[in-house]
Amino acid sequence: MNTLIVVSFLLAGAYLVAVLEAWLASGRFRLAAPAWAAMALLGRESIVPRTPDRLFFETAPVLLLVAALLAAAVLPLSPQLVITDLATGALFVNAALAYVLVALLMAGWGVDGAYALVGGWRFLGQVIAYSMLIVMPITAVAMRAESLLTTDIVDSQGAVWNIVYQPLGFVLFFIAALAVSFLPPFDLPTAGGELAGGVEAEYTGARLAVFRLARMVLVVSLAAATTVFYLGGWLGPALPPWVWSAIKILAVSAAMLLTGHYLPRIREAHLLAWSWKLGIPLALLNLFIVGVLVLIWP
């Protein structure tokens, strides 16, 4: 039952994220816009490239969707509303997100197209650069909770949320979430102005619909991870726990879309340089600060 509820929440959240993305793109707020877009995609012919790797080509969109759903499987919406409360849940989120890289590399390679291949390899460099900005902040969060259980991490924020306790970790994790979900300004794998769609350039019809749905679900899953790790999860007064989770997740999702809407795309060379030279040292500094705080202010 929990599985059905969580998956339904993810799909509903993905739909609302698609509404907001369409609003930012067109300037018109239309609740039915994603539904019409999905119907249009499903009604079109799914064209197959001339010489694809069929296994990679067909599997990539589905694998991206599965990776997004797996990341959300250990993220609780309330104390009882979680698909599986793994003892290593916090690390499982990072492990599931690794398959986003696999899916995009498969999409880039499978279509046998130059633009798609460049987009896939761009994402490889992007994720290698930002993977530590996911692992290290999660490590700092687990240090304070003294547990990798995501429910314990939420409970540890009863006195003060982690966004206050470790704001540097929150900023780094939020930036990394934008990069993993390849949202602007880190949309280098798709880069409409440069690569004409990049990894999704050769996908049409139902395959493209699955690809775009997977991306929206990935945004919601990363927003849920941000909520659990830094915004107190379901904690809040008066309202039911799941309502607080929903409000926070949708707010973070909107922030992710709005952030990219007002920033220019970053060159891949600058992205990698800033990550290695600035991001990782700051992540190490965050670990040190949290370690000291845990000793002084448990």
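Under the convention that each Lys and Arg Cβ holds +1 and each Asp and Glu Cβ holds -1, the size of the dipole of segment 1-160 around its Cα centre is about 500 debye.
In whole angstrom, how long is each semi-axis of the equivalent ellipsoid of segment 140-298, when you take the square root of 5 times every eigenvalue of its Cα gyration tensor and sort them from largest down?
31, 21, 12
Coupling constants for segment 273-284 follow from the phi torsions by the Karplus curve (6.51 cos²θ - 1.76 cosθ + 1.60, θ = phi - 60°), and in residue order they are 5, 5, 5, 5, 8, 10, x, 5, x, 5, 5, 5 Hz; glycine and proline get x.
Taking θ as phi - 60° and the Karplus parameters 6.51, -1.76 and 1.60, the scalar couplings of segment 212-225 work out to 6, 4, 4, 5, 5, 5, 4, 4, 5, 5, 5, 5, 5, 4 Hz in sequence order, x denoting glycine and proline. For the chain, the dipole from Cβ point charges (+1 on Lys and Arg, -1 on Asp and Glu) about the Cα centre works out to 460 debye, to the nearest 20.
What the phi angles of segment 256-263 give under the Karplus curve with 6.51, -1.76 and 1.60, with θ = phi - 60°, is a coupling list of 4, 6, 5, 4, x, 5, 9, 10 Hz, glycine and proline written as x. Relative to one another, the C-alpha centroids of segment 235-298 and segment 47-76 are positioned 26 Å apart. The H on the amide N of residue 233, modeled in the peptide plane, is under 5 Å from the matching H of 228, each at least 5 residues off or on a different chain. Quick one: net charge around residue 142, please, counting Lys, Arg +1 and Asp, Glu -1 for every other residue with C-beta under 14 Å from its C-beta. That works out to -2. When the chain is treated as a GNM with alpha-carbon contacts under 10 Å, the residue of 71, 38, 225 showing the greatest mean-square fluctuation is 38. Taken over the chain, the convex hull of the Cα atoms encloses 124 Å³ per residue.
Throughout, read-outs are computed from the coordinates displayed, never taken from laboratory work. These numbers were taken from a predicted model, which means no experiment stands behind them. Every residue, glycine among them, receives a Cβ derived from its backbone with ideal geometry; neighbour counts consider all protein chains shown.
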